[in-house]
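The values are calculated or read from the model by the stated rules, or taken from the named source; none is laboratory data. None of the values given here were measured: they were computed from a predicted structure. Reconstructed Cβ throughout: ideal geometry from the backbone, glycine too, with neighbour counts over all protein chains shown. Keep in mind that these areas ignore ligands, DNA and RNA; they rest on the heavy atoms of the full protein, side chains included. Shrake-Rupley method; radii C 1.70, N 1.55, O 1.52, S 1.80 Å.
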Protein chains: 2
Amino acid sequence: MNKRLENLIAWMKESDVQVTFLTSSENVFYLSGFYSDPHERLLGLAVFQEGEPFLVCPGMEKHSVRRTGWSQEIIAYSDIEDPWELINKSIAGRVSGASKVAIEKEHMNVERYEKISSLFPKAEFVSAEEKLRVLRMIKDEKELKIIKEACALADYAVEFGASEIKEGKTELEILSAVEFALKKKGVTEMSFATMVLTGANAASPHGTPGLTKIQKGDLVLFDLGVVIDRYCSDITRTVAYGDVNEKQKEIYDTVLKAQLAAVEASKPGATCAEVDLTARRIISEAGYGEYFPHRLGHGLGISVHEYPSMMETNTLVLREGMVYTIEPGIYVPDVAGVRIEDDIVITANGAEILTKFPKELQVYR
Amino acid sequence: MNKRLENLIAWMKESDVQVTFLTSSENVFYLSGFYSDPHERLLGLAVFQEGEPFLVCPGMEKHSVRRTGWSQEIIAYSDIEDPWELINKSIAGRVSGASKVAIEKEHMNVERYEKISSLFPKAEFVSAEEKLRVLRMIKDEKELKIIKEACALADYAVEFGASEIKEGKTELEILSAVEFALKKKGVTEMSFATMVLTGANAASPHGTPGLTKIQKGDLVLFDLGVVIDRYCSDITRTVAYGDVNEKQKEIYDTVLKAQLAAVEASKPGATCAEVDLTARRIISEAGYGEYFPHRLGHGLGISVHEYPSMMETNTLVLREGMVYTIEPGIYVPDVAGVRIEDDIVITANGAEILTKFPKELQVYR
């Protein structure tokens, strides 16, 4: 039994949950090591207080499950079998008449809920999602190693993209070049839709890359991340093409100051709110408060947005092993948009920065 | 009330369903004309036998809903409001104590199901999905016009991609060039992950584009589609780079013969099974039956895979207005992979072909 399953089972015992049945690719992967996007087919992981857990997957995936090192039971069903009948048999050997069953209420659909309800007609169904979010929030050494690799590739992508900047090139041209460069390094999936925004287009926190051409005097914003071994990175850098004006510089310097202060404030014992407010105060005092309309950052891992949420209302206390983004931004319509984002991990000494591309304003000519 | 809503309401009356509450972006769009991907927020459309339908959306989308021409009630909720309270009020004015409510059981999650169940504590919940699939299967003039536009762009993409073929270029290089060319034409979304496969890599129905380089004598397979105004196209063409050998030609000719015969067999009154088997027989008689491991095709519309399913066990009778793909393929490991796919619409006279790129083997040098 791996440590992660043990943590889940400890919670099940505390909460008197006899069975947990998870169906999201992310949580099944987190607990079993096996990742698959089964589309409309069923993927599932059943966990018990005492009995051996089992994994349910389409027949053709059985060998992949074994290869990932899952040594416990696998229910591999063919397209003509009903997986719920097989699940029922395997459960019957482990528990009878469960009174409390945990599922993912935000993920499981009604069709499957009706199936699992019929297996446990007397059970109360509770959500396992909050517990999984909390468990996934603290990263272990193995996870950190992969996230660091994903961050290094994000650094490379920004460096490559910035070097491609040239008068008259469009945002989409640079974006295509960046993604192709990553593919050549073996990257097959981005964490989210890559952003390359220039000039006025960057001055909106929800801009979309298009056919806007890069011009001298523009600030160019890159926001991107890669998925490596199922873990995400997420970086933002804003660079200058040619000489920028005093207003642009002032905005850049304010964001940078806020970002550095939030990194400095990130350490065990501080709260998410304190870190968010550290950055927010600097931006407000410089007169740009209304132009920083989003939270400071978000946790990062198997999902590109997970716990902890770095916002001014979150009193959660930071602990070693938490990984999150620090990404203040200022967006003044028709003037400039600047965001600077690092991924960091909390260590005993404070924040270790995982994204390394320089943060002093880089000027390309 | 639009025609599509009228059709749904007719079904509700027949089936004694008092309320239908839909939450998938596709079905809400089909019935209301409004498309949105609300992520974790709630989007919904409530339909009644007698009362006015209403649409539920995040507050910031209200104006977009009006712009699409939705003239009935809109419940636009802010991030601090509970949409279910607002829904409850609007429902109370229309029905009380519903005994049968239709939802999308494959789409709705348990969290929302618990909310809607509490609004209708005595109701039986049934699935609306099958009915929506059947309604969406017959396309109207407006839908066909958009699908034709999406098909024309798919033709363009294959033509552009084939013209980019050059000794030593990788699959991913060609793929990137094709997608960038489409972006310049205003295409912002592909129907699915674009496939460019060459040589042995094309000889698997589940190949993934990578760093394989195109060589003289290769067959190069393009499988792609674009989304225009929410409707999908889907085309496959296999072209030759330089001279190909007799075996490759024989496989190509067999697939083409099967494809043409299936187009010919497509007309009102024929069944899906008959059309699939028309192609399958030709491939089997040529000795390649075991190398054609998938169904002949699938319906196409707002989703890239919808009804009708063109498979040998489907006895559904074809009718005017149905749109589907015809895409036989032969994949002989280490020898060749060929697939030829058109999108067609059933008319009174038979199949009208919507994808126009030539199907005789095109040779590039």
Put a point 7 Å out from Cα along the line to Cβ at residue A:41; what are the distances to that point in the other copies, in nm, shortest first? 3.6
FRET efficiency, residue B:81 to residue B:130 (Cβ-Cβ, R0 35 Å, nearest 0.05): 0.60
Counting only other residues whose beta carbon sits under 10 Å from that of residue B:318, what net charge do I get with K and R as +1, D and E as -1? 0
What does the charge add up to near residue A:4, with Lys and Arg as +1, Asp and Glu as -1, over the other residues with Cβ less than 10 Å from its Cβ? 0
Share of Cα-Cα pairs in segment A:229-269 beyond 12 Å, whole percent, is 73
Just going by the charge dipole of chain A, with Lys and Arg at +1 and Asp and Glu at -1 on Cβ, which of A:296, A:15, A:170 is farthest out on the positive end? A:15
Roughly how many percent of the accessible protein surface of segment B:285-365 is carbon and sulfur, given a 1.4 Å probe and a whole-percent answer? 49
Quick check: with the 1.4 Å probe, what order do B:311, A:1, A:310, B:195 take by accessible area, largest first? A:1, B:311, B:195, A:310
Can you list the residues, at least 5 places off or on another chain, whose amide H is less than 5 Å from the amide H of residue A:298, using H built in the peptide plane? A:310, A:325
Can you list residues from other chains, or at least 5 along the same chain, whose modelled amide H is less than 5 Å from the amide H of residue A:128? A:103, A:104, A:105
List, by residue number, every residue in segment A:107-121 with a reduction of 30 Å² or greater in accessible area between the chain on its own and the complete protein assembly, 1.4 Å probe. A:109, A:110, A:111, A:113, A:114
Just to check I understand the Karplus step: with θ = phi - 60° and J = 6.51 cos²θ - 1.76 cosθ + 1.60, what whole-Hz values come out for segment A:299-316, glycine and proline as x? x, 8, x, 5, 9, 6, 10, 9, 6, x, 8, 8, 10, 5, 9, 9, 8, 4
Residue B:141/residue B:67 FRET efficiency (R0 35 Å; Cβ-Cβ; nearest 0.05): 0.95
What does the accessible area of residue A:253 come to, in Å² to the nearest 10, when a probe of 1.4 Å is used? 90
What nm distance separates the two modelled labels at residue A:41 and residue A:348, each placed 7 Å from Cα along Cα→Cβ? 4.7
Per residue accessible area in Å² of segment A:138-364, where ligands, DNA and RNA are left out and the probe is 1.4 Å: 40
Neighbour net charge for residue B:350 - beta-carbon separation under 14 angstrom, K R +1, D E -1: -3
Under the rule of at least 5 residues apart or a separate chain, name every residue whose amide H is placed under 5 Å from the amide H of residue A:364. A:240, A:241, A:242
For B:271, A:68, what's the largest-to-smallest order of accessible area, 1.4 Å probe? A:68, B:271
Give, rounded to the nearest 20 debye, the magnitude of the charge dipole that segment B:270-365 has about its Cα centre when Lys and Arg contribute +1 at Cβ and Asp and Glu contribute -1 at Cβ. 140
When each of B:139/B:249; A:13/A:148; B:183/B:257; A:183/A:213 is checked by Cα-Cα distance, pairs over 26 Å: B:139/B:249; A:13/A:148; B:183/B:257
Taking only the Cα atoms of segment A:138-364, how large is their convex hull per residue, in Å³? 100
Need one number: buried accessible surface between chains B and A, 1.4 Å probe, both sides summed, DNA, RNA and ligands left out, in Å² to 100. 1700
Using a label position 7 Å from Cα in the Cα→Cβ direction, what is the ascending list of nm distances from residue B:152 to the same site in the other copies? 5.0
Quick calc: nm separation of the 7 Å Cα→Cβ label points for residue A:253 and residue B:335 -> 7.2
Protein-protein interface of segment A:160-184, residues with accessible area decrease of at least 20 Å², isolated chain reference, 1.4 Å probe: A:172, A:173, A:176, A:180, A:183, A:184
Subset of A:100/B:105; A:62/A:185; A:3/A:145 violating a 26 Å alpha-carbon distance limit: A:62/A:185
Could you check what % of the DSSP bridge pairs in chain B are antiparallel, to the nearest 5? 75
If you take the C-alpha gyration tensor of segment B:175-291, multiply each eigenvalue by 5 and take the square root, what semi-axes do you get, largest first, in whole Å? 27, 23, 11
Which Cα, out of A:43, A:54, A:99, lies furthest along the positive dipole direction of chain A (beta carbon charges, K/R +1, D/E -1)? A:54
Length-normalised contact order of chain B in % [C-alpha pairs under 8 Å, at least 6 apart]: 14
To the nearest Å², the heavy-atom accessible area per residue of segment B:69-112 with 1.4 Å probe amounts to 49
For the protein assembly as shown, report the translational diffusion coefficient in µm²/s to the nearest whole number, using Stokes-Einstein at 20 °C, 1.002 mPa s, and a Kirkwood Rh over Cα pairs. 75
Taking every eigenvalue of the Cα gyration tensor of segment A:3-136, multiplying by 5 and rooting it, what semi-axes result, largest first, whole Å? 20, 18, 14
Take every DSSP beta bridge with both residues inside segment B:5-139 and express the antiparallel ones as a percent of the total, to the nearest 5. 40
List the distances, in nm and shortest first, from the label point of residue A:242 to the matching label points in every other copy, placing each point 7 Å from Cα along the Cα-to-Cβ direction. 4.6
On the protein heavy atoms, probe 1.4 angstrom, tell me the percent of accessible surface of segment A:3-136 carried by carbon and sulfur. 46
Divide by every residue of chain B the summed helix terms, -39500 (n - 2.57) for each DSSP H run of at least 4, and state the resulting mean residue ellipticity at 222 nm, rounded to the nearest 500 deg cm²/dmol. -11000 deg cm²/dmol
Could you rank B:330, B:80 by how accessible they are, 1.4 Å probe, largest area first? B:80, B:330
Looking at chain A as a GNM with Cα springs under 10 Å, which of A:188, A:278, A:238 has the largest mean-square fluctuation? A:188
